[in-house]
Amino acid sequence: MVSPSYAIELLRKALELYTPSRSEAALANMIKDRCVNELGFEQVNIDNVGNIIATKGSGEPCILLCGHMDTVPGQVPVRIEDGHIYGRGASDAKSPLIAMLLAASEFPKQSGTVIFAGVVDEEGNATGIKQLVKSKIAIHYAVFGEPSGVDNITVAYKGRLALRLTCDVGESAHASAPWLAKNSIEEMYDFWNEIKSEIGRVGTAENNAKSISCSLTEITGGSSHNVTPQRCKITIDIRVPTITTCGNVLRTIDNVITKVSAKKGIKATYRIEDKTEPFEADYTSPLVRALLLAVLDVRSKRPLLLRKTGTGDMNVLGHSFKIPVITYGPGDAHASHTADERVNIDEYVASIEVYKRALFHLSRLHHLKKKKKNKE
């Protein structure tokens, strides 16, 4: 049985490895070593994009526990203080990742098959989960590790549409004679204002979970301090609620860009950097029931079901595989990506037991459902 001290030390070691997107190899190798030499997994490999996949048991049900190894850039000194462990990824999402790994290691072989996956690039372009989908891994259920809080379950995520918009005014001029050419940075301001205004008009709903949001996250422009900029590029991050689709939002934005471009006589083009549809889990599935029961077992309270404004790997696999999926994990999402990123140690340790109980209940419910179906 995994001890709390072992669990805390393993998380600390994971946090000490700096793993921004596409730099996860050190953590993958550490996990692989633990899986082979200490945690009793039967098959362990690192695939061609860097995902670590470890399997234990055989037969039904086949349950995937999937977390991501990457973090956003920026290091946070690892320390234990006031009942919390601090570090980049402590909340998002190395504590759910390691908790799932340890829970999977204690799954009884006779109860079915558990597959642990630590995937790459979740904070980037979802390379890891897309590779997992492409591999057509045969599973009945999937649990994703993200910070919902130990007493909550995430049942819905918004989709994400990321666009790289380029404005090209065709020529530049000396900065001392700005009247000789249009300024692409100034012109881009009008494109952005129109997009933001239209998204606000068509996408505002009664709460944030049902509203479309858009953020200007990157801007580049100009070639020299004394030359007016011919080109300007911006990145727009749009989050799409479950009541619409990325396609609908993209059509709205395309119309705005076309209209403004024609009005101003300026060339504007865009490319899609990411397009992930929104997703909501089936509340009636055995998976949701299993996790509800697990939280009740360990925490003696009924969990809240959350609809989040972010986007997760659950969206990608849920749409592709059409199986029951859910997201759960220790950590406070508001601490994610911050200079004080942390997780409560007691809640992290408790989450390991929640994952273990969820696996137990899910195996039991799966076989009960199968037995009932065979009698019909």
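The values are calculated or read from the model by the stated rules, or taken from the named source; none is laboratory data. What you see is a predicted model, and the numbers here were worked out from it, not measured in a lab. FYI the Cβ positions are ideal-geometry reconstructions off the backbone, even for glycines, and counts take in every protein chain you see.
Matching residues to (1) closer than 20 Å to T311 by Cβ; (2) at pLDDT 95 or above; (3) touching a strand residue (DSSP E or B) at 6+ places or on another chain (Cβ under 8 Å):
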{"position": "V49", "(1), (2), (3)": "yes, yes, no"}
{"position": "G67", "(1), (2), (3)": "yes, yes, yes"}
{"position": "T71", "(1), (2), (3)": "yes, yes, yes"}
{"position": "D82", "(1), (2), (3)": "no, yes, no"}
{"position": "G87", "(1), (2), (3)": "no, yes, yes"}
{"position": "S91", "(1), (2), (3)": "yes, yes, yes"}
{"position": "S95", "(1), (2), (3)": "yes, yes, yes"}
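Does region 82-92 contain at least one residue that is without any contact (Cβ under 8 Å) to a residue 12 or more places away in the chain and either under 20 Å from Y328 (Cβ atoms) or of a type in the set (A, V, I, L, M) (or both)? No; the residues of region 82-92 include none that is without any contact (Cβ under 8 Å) to a residue 12 or more places away in the chain and either under 20 Å from Y328 (Cβ atoms) or of a type in the set (A, V, I, L, M) (or both).
Give me the residue from region 280-331 that is over 12 Å from Y157 (Cβ atoms) and hydroxyl-bearing (S, T, Y) and, out of that set, surrounded by the most Cβ atoms within 10 Å (Cβ to Cβ).
Ranking the candidates gives Y328 first.
The criterion of at least 3 residues that are of a type outside the set (G, A, S) and surrounded by fewer than 18 Cβ atoms within 10 Å (Cβ to Cβ) is met by the following strands (runs of 3 or more DSSP E) wholly inside region 54-132: 79-81. Among the residues making up region 308-325, those that are modelled with pLDDT of 95 or more and touching a Pro at 6+ places or on another chain (Cβ under 9 Å) are N315, G318, P324.
Test of understanding: among V249, V260, V256, which residue is part of a helix (DSSP H, G or I), modelled with pLDDT of 95 or more and within 25 Å of the chain's Cα centre (by Cα)?
Numbers: V260 fails: within 25 Å of the chain's Cα centre (by Cα); V256 fails: within 25 Å of the chain's Cα centre (by Cα).
Checking each option against the conditions leaves just V249.
For I243, are the conditions met, namely being outside the structural domain of G310 (by TED's automatic domain parsing), more than 29 Å from E186 (Cβ to Cβ) and surrounded by fewer than 18 Cβ atoms within 10 Å (Cβ to Cβ)? Here the answer is yes, as I243 does meet what is asked.
Does V240 count as touching a helix residue (DSSP H, G or I) at 6+ places or on another chain (Cβ under 6 Å) and more than 23 Å from V325 (Cβ to Cβ)? Can you show your working first?
On the way: touching a helix residue (DSSP H, G or I) at 6+ places or on another chain (Cβ under 6 Å): yes; more than 23 Å from V325 (Cβ to Cβ): no.
It is false that V240 is touching a helix residue (DSSP H, G or I) at 6+ places or on another chain (Cβ under 6 Å) and more than 23 Å from V325 (Cβ to Cβ).
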